[in-house]
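Q: First, the structure itself, so that you have it in front of you.
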């Protein structure tokens, strides 16, 4: 009887370790519960949709084969398994080979999709890891100088409004200059980094521009003319 009780306690301890390991994937304070990535059935743990149970503090175990998908390996494979249109259409363009994307090191922790996104962090727009929202580029690109285009400017207060301001790749619209609110989380009147740059879905051959910068058949720059449309058109 005593031996049976010991075995039961040992089994409970193992289950607790494995469960905690699955729940604490990237840190104690990170929780996917209630976020759009909580895909579990009611009452089930959301962790096991993406992760296999592991010992607490052990290496993350993916529920998808990290070697699957050829060049889309590791983290990218896991993200692509849903963001390819099979589970959600949102963000599927992020894996298109026809558009300009931010450089990643596929399968390397912290340098893949998780370079900018934390799938557990619901505090920022689109799970961006830093609070800069539409200016989150500054978290890495801190060398922006006085010769760069100004950001955090209320464009419409100066009489500037994009002719095409409907950049919406989730609906197939890959052209436009977005203006944001002062926090950079919703449509508004402010110029931010992501007004002109598209981290995913940029014009091919450009620095993630949301519109062409140069054109062979126009004397002026299309990206600039979308807002400063008076230049050269008087």
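Q: Looking for whichever is under 20 Å from residue 51 (Cβ atoms), part of a loop (DSSP other than H, G, I, E, B) and modelled with pLDDT of 85 or more here; the options are 103, 87. Which one fits?
A: 87
Q: Next up: If you go through the stretch 33-60 one residue at a time, how many are modelled with pLDDT of 80 or more and within 17 Å of residue 114 (Cα to Cα)?
A: Qualifying residue count for the region: 6.
Q: Select, from 130, 153, 108, the only residue that is surrounded by 13 or more Cβ atoms within 10 Å (Cβ to Cβ) and touching a strand residue (DSSP E or B) at 6+ places or on another chain (Cβ under 8 Å). Talk me through it step by step, then tell me what you get.
A: Working: 130 fails: touching a strand residue (DSSP E or B) at 6+ places or on another chain (Cβ under 8 Å); 108 fails: touching a strand residue (DSSP E or B) at 6+ places or on another chain (Cβ under 8 Å).
It is 153.
Yes/no matrix, rows are residues, columns are (1) assigned to a loop (DSSP other than H, G, I, E, B); (2) in contact (Cβ under 8 Å) with a residue 60 or more places away in the chain; (3) over 22 Å from residue 111 (Cα atoms):
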residue: 138; (1), (2), (3): no, no, no
residue: 166; (1), (2), (3): yes, no, yes
residue: 170; (1), (2), (3): no, yes, yes
residue: 175; (1), (2), (3): yes, no, yes
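Q: Another question about this same structure. With the checklist (1) in contact with a helix residue (DSSP H, G or I) (Cβ under 9 Å, 6 or more places away or on another chain); (2) surrounded by fewer than 17 Cβ atoms within 10 Å (Cβ to Cβ) in hand, flag the one item residue 136 doesn't pass.
A: Every listed condition holds for residue 136 apart from (2).
Q: Can you pull out every residue in the stretch 174-190 that is surrounded by 15 or more Cβ atoms within 10 Å (Cβ to Cβ) and out of contact with any helix residue (DSSP H, G or I) (no Cβ under 7 Å at 6 or more places or on another chain)?
A: Those that are surrounded by 15 or more Cβ atoms within 10 Å (Cβ to Cβ) and out of contact with any helix residue (DSSP H, G or I) (no Cβ under 7 Å at 6 or more places or on another chain): 174, 175, 176, 188, 190.
Q: Also, quick follow-up: So, of the residues in the stretch 85-103 that are touching a helix residue (DSSP H, G or I) at 6+ places or on another chain (Cβ under 7 Å) and surrounded by fewer than 16 Cβ atoms within 10 Å (Cβ to Cβ), which turns out to be nearest to residue 211 (Cα to Cα)?
A: The selected residue is 90.
Q: Could you identify the single residue in 163, 207, 218 that is out of contact with any strand residue (DSSP E or B) (no Cβ under 6 Å at 6 or more places or on another chain), exposed (fewer than 14 other Cβ atoms within 10 Å of the Cβ) and modelled with pLDDT of 90 or more?
A: Values: 207 fails: modelled with pLDDT of 90 or more; 218 fails: modelled with pLDDT of 90 or more.
On inspection, the qualifying residue turns out to be 163.
Q: Report, by residue number, each residue of the stretch 106-139 that is over 11 Å from the mean Cα position of the chain (by Cα) and farther than 22 Å from residue 182 by Cβ.
A: Passing the criteria: 106, 107, 108, 109, 110, 111, 120.
The values are calculated or read from the model by the stated rules, or taken from the named source; none is laboratory data. Being a predicted model, the structure only gives us computed values, none of them experimental. Note that we place each Cβ from the backbone using ideal geometry, even for glycine, and neighbour counts take in every protein chain shown.
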